[in-house]
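First the structure, in the form of C-alpha cells, and then the observations on it.
The values are calculated or read from the model by the stated rules, or taken from the named source; none is laboratory data. From a predicted model like this one, the values you see are computed outputs, not experimental measurements. All Cβ positions, even for glycine, are placed from backbone atoms using ideal geometry, and neighbour counts span all protein chains on display.
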Ligand SMILES: [Zn+2]
C-alpha cells in the first residue's frame, strides 16, 4: 500500500518544489531575516508577510528520535526512524524527518545528519541520513 501524499498548499509549494529538485529551502522573513519552519502565512516574530524561501546547508544534528516497530497506519512499514533534526542556521530551528539509508544501530542523539531526498512514486520527501564522516 502506498503512503498518503503530503497536502501541498500554495504558501509551502516552494518548499516542496525545492525538495523535488534535490534542494532544502526553508522559509525566511525578508524583513527580520528569521528562519521559519514549518511554513507560515506571516512571520511569527515581526508579523511581516514578506516571506521567501532560501537554501539551508542541509546539515543538522539529531535532537531526538524514535524508532517505530509497529504500524498503525497502512503504508508505513516498520521499522523506521522519525527524528527531530536541529538545523545550524538558527537556534531552535528544526525539522521532522525520517532517518534513511543508515544503520539504525548507529542513530543517536547528537549524531550529524545530512539532507537527502526519498522518492516515493510521484512524491519527493525531505529526509536525512547519517553523515558518512562525523565532524
Ligand atoms: Zn520577520
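Within the stretch 97-107, can one find any residue that is under 27 Å from residue 10 (Cβ atoms) and touching a strand residue (DSSP E or B) at 6+ places or on another chain (Cβ under 6 Å)? Please lay out each step first, then the result.
So in the stretch 97-107, the residues under 27 Å from residue 10 (Cβ atoms) come out as 97-98.
Applying the additional criterion that residues be touching a strand residue (DSSP E or B) at 6+ places or on another chain (Cβ under 6 Å) yields 97-98.
Yes.
Do any strands (runs of 3 or more DSSP E) lying entirely in the stretch 10-102 carry at least 1 residues that are within 16 Å of the ligand (Cβ to nearest atom) and either modelled with pLDDT under 95 or touching a helix residue (DSSP H, G or I) at 6+ places or on another chain (Cβ under 9 Å) (or both), and which ones are they?
Values: elements: 25-29, 51-55, 59-68, 80-86, 94-98.
Qualifying strands (runs of 3 or more DSSP E): 25-29, 51-55.
For the stretch 21-40, how many residues meet the condition of being on the phi < 0 side of the Ramachandran plot and over 13 Å from the mean Cα position of the chain (by Cα)?
9
Sort through 127, 106 and tell me the only one that's without any contact (Cβ under 8 Å) to a residue 40 or more places away in the chain and under 24 Å from residue 5 (Cα atoms).
Working: 106 fails: under 24 Å from residue 5 (Cα atoms).
Within the list 127, 106, the selection yields 127.
With the requirement that a residue be surrounded by 15 or more Cβ atoms within 10 Å (Cβ to Cβ) and farther than 10 Å from residue 62 by Cβ, what does the stretch 98-114 give you? I'd like the intermediate steps shown before the answer.
Quick first cut of the stretch 98-114, residues surrounded by 15 or more Cβ atoms within 10 Å (Cβ to Cβ) only: 98-100, 102, 107, 111-114.
Correct list: 98, 100, 102, 114.
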